[in-house]
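Heads up: the structure comes next, in structure tokens.
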Amino acid sequence: MSNCAIVGINWGDEGKGRMVDLLTEGYDVVVRYQGGGNAGHTVINEYGKFALHLLPSGVFRKGVVNILGNGVALDPENLRTEAEDLLRRGVPVTPENLKVSDRVSLLLPWHRELDALEERRLADKQYGSTLQGIAPFYSDKFQKKTVMAGELFYPDYLRAHLAALLEWKNLTLTQVYGAPPCSMDDLLAWAEEYGSWLRPFVCDTGAFLRQAQAEGKNILFEAQLGALRDLDYGIYPYTTSSNAIAAYAPVGSGLPSAKLDEIVGVVKAYSTCVGEGPFVCEWSGPEAEALREAGGEYGAKTGRARRVGPLDIVATRYGVQTQAATCVALTKLDVLSYMDRIPVCVRYRLDGRETDDFPFPAALYDAEPVLAYFEGWQCDISGVRHWDDLPRAARDYVTFIEEQLGCPIRYVSVGPERESIILR
Ligand code: GDP
């Protein structure tokens with residue numbers, strides 16, 4: 001048996017969904033261990049093109065069991081919309097191939113509302129929330145003010161619990177934000193509608209995973225967002241509200257005894273960032289426009305134009321170390337084919353000296369990129385499937401990154417489709 005985590009090394013949107021979709025072939029179980037429906041994994045395979053928000057990317061593989069672990073922000077509304085969309089398009093989503101942890105906390109209707117109210121209050125100081133209710137959800141979870149999915153099997157207990165939460169939450173809604181209160185009738189109607197849909201999927205996934213482990217099954221752990229968005233290790237406060245790093249996978253999945261044999265860190269061949277916060281290598285103007293167009297860099301969830309720039313070795317090396325990646329998957333190399341020379345940020349200039357170290361978040365505002373330039377290859381590489389068939393300039397670029405990161409690049413992705421991959 002082997003356990004593998006597939007994680008993002010940078011700001012998210014590295015192409016994790018595409019790598020999980022590819023690698024699920026060798027795994028029996030795929031578990032999402034953190035985050036909610038606030039990001040999107042784009043997957044292109046024989047069923048078509050999909051933007052998955054909550055569902056693990058293993059749903060497309062026959063025989064793979066997909067699990068939403070206790071660390072996830074389980075939004076029943078989003079999950080149902082997503083599952084129904086897949087069903088309509090011929091992808092089965094049933095209690096056989098999707099299991100939801102009875103210990104996962106539920107994102108309640110007021111979380112989305114509180115997200116919008118708080119962004120409105122912040123006005124020009126907004127974090128750039130995707131307004132999916134993730135930050136209010138995780139704050140409530142840590143205050144022990146959410147309900148767990150397993151409570152759906154205890155209706156009287158659930159009703160009393162919801163009533164207590166409602167009383168407390170209405171104080172915030174009305175007295176902090178001056179918004180209208182939620183009503184118990186609406187809350188119960190919501191719980192009935194979404195709870196009855198969700199209930200068949202809910203079970204003790206911890207027991208399922210322990211059994212799978214005992215039987216020697218291969219388990220894949222799937223992250224949402226990258227190391228630089230991790231709550232504790234990322235660019236706080238421009239992080240997400242949970243731990244995206246691989247070290248959290250055993251905890252958030254429901255299998256705390258899991259040892260990870262392999263950690264695949266997904267790195268994009270250039271940098272992109274959605275939302276606010278310091279982004280040292282950011283480009284603007286026509287240079288940025290050209291890269292954004294070439295890479296189709298618009299959010300899978302929001303459609304927002306992503307901020308773009310050259311690969312940032314300093315941030316990426318920090319991401320590799322934080323994730324304890326055992327190998328790297330470098331994605332979107334094909335996107336750089338239009339450039340005649342390719343810039344890479346090799347160090348930061350900070351306080352009058354050059355550094356390889358990723359600084360404390362507040363210092364990032366003063367960091368400037370030190371760039372090195374690589375010869376471009378200027379030909380279409382999307383059909384290449386063997387390392388030796390890549391142009392020399394492309395191989396030099398990949399080899400340089402590998403040396404700088406101190407981690408083997410095992411996969412090079414040259415297109416969004418499942419088969420557009422070079423194994424090294
Ligand atoms: P994730 O959240 O990390 O899974 O990343 P996203 O789905 O947000 O963004 C990755 C985008 O790049 C998607 O549109 C993918 O289809 C696409 N993609 C992934 N790998 C490649 C690649 O190697 N080349 C190209 N051209 N597109 C890719």
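The values are calculated or read from the model by the stated rules, or taken from the named source; none is laboratory data. Keep in mind that this is a model prediction, so the values were computed, not measured. Positions of Cβ are generated from backbone atoms using ideal geometry, with glycine treated the same way; all protein chains shown enter the neighbour counts. Protein only, heavy atoms only, side chains kept; ligands, DNA and RNA dropped before computing areas. Shrake-Rupley method; radii C 1.70, N 1.55, O 1.52, S 1.80 Å.
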Give the carbon-plus-sulfur fraction of the accessible surface of the chain in %, rounded to a whole number; probe 1.4 Å, heavy atoms of protein chains only. 50 percent
Computed ³J(HN,Hα) along region 98-105: with the Karplus parameters 6.51/-1.76/1.60, θ = phi - 60°, integer Hz and x for glycine or proline, the list is 9, 10, 10, 4, 5, 9, 6, 7
What's the extension gain from L122 to Q143 if we count 0.36 nm per residue and subtract their Cα-Cα distance? 5.3 nm
Return one number: the angle in degrees, 0 to 90 and rounded to the nearest 10, between the long axis of the Cα atoms of helix 76-88 and the longest principal axis of the Cα atoms of the chain. 70 degrees
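Of the beta bridges DSSP finds with both residues in the chain, what % are antiparallel, to the nearest 5?
Numbers: 24 of 61 bridges.
Of all bridge pairs located within the chain, approximately 40 percent are antiparallel.
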With the charge dipole of the chain built from beta-carbon charges (+1 for Lys and Arg, -1 for Asp and Glu) about the Cα centre, the Cα from A223, L311, V370 projecting farthest to the positive end belongs to A223
Could you give me the percent of Cα pairs per 10 Å distance bin for the chain, shortest bin first, beginning at zero and ending with the bin that holds the maximum distance? 5, 22, 31, 25, 13, 4, 1
Quick one: if you stick a label point 7 Å off each Cα along the C-beta vector at H386 and L131, how many nm between them? 5.2 nm
If you count, for each residue, the other Cβ atoms within 10 Å and average over each peptide, how do 44-53, 218-227 line up from highest to lowest? 218-227, 44-53
Probe of 1.4 angstrom, ligands and nucleic acids ignored: what's the accessible area per residue over the chain, in square angstrom? 41 Å²
To the nearest 0.05, how large is the calculated FRET efficiency for Y177 and L87 if R₀ is 30 Å and r is the Cβ-Cβ distance? 0.20
Within the chain: Cβ-based charge dipole about Cα centre, in debye rounded to nearest 20 (Lys, Arg +1; Asp, Glu -1): 480 debye
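Percent relative contact order of region 267-423, based on C-alpha pairs within less than 8 angstrom and at least six residues apart? Walk me through the numbers before you get to the answer.
On the way: 276 pairs, mean separation 39.8, N = 157.
About 25 percent, as a whole number.
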If one computes the Cα centroid of region 88-146 and of region 249-311, what distance in Å separates the two points? 21 Å
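Note down the net charge around A163, summing +1 for each Lys or Arg and -1 for each Asp or Glu among other residues with Cβ under 14 Å from its Cβ. Display every interim value, and only then the final one.
Values: positive: K145, R159, K169; negative: E151, D156, E167, D185, D186.
Counting the neighbours of A163, the net charge comes to -2.
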Run lengths n ≥ 4 of DSSP H only: what is the helix-derived mean residue ellipticity at 222 nm for the chain, with -39500 (n - 2.57) per run over all residues, to the nearest 500? -9000 deg cm²/dmol
May I ask you to compute the full-extension gain from F400 to Y373, defined as 0.36 nm times their residue separation minus their alpha-carbon distance, rounded to one decimal in nm? 8.6 nm
Cross-link reach from K169 to lysines, straight Cα distance under 21 Å and at least 8 residues apart if same chain, gives K141, K144, K145
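For an R0 of 60 angstrom, estimate the FRET efficiency from the Cβ-Cβ distance between S2 and E167 and round to the nearest 0.05.
Numbers: r = 48 Å, r/R0 = 0.80.
Taking R0 as 60 Å, the efficiency between S2 and E167 is 0.80.
With r as the distance between the Cβ atoms of A290 and A324 and R0 = 41 Å, compute the FRET efficiency 1/(1 + (r/R0)^6) and round to 0.05.
Details: r = 35 Å, r/R0 = 0.85.
For A324 and A290, the calculated efficiency is 0.70.
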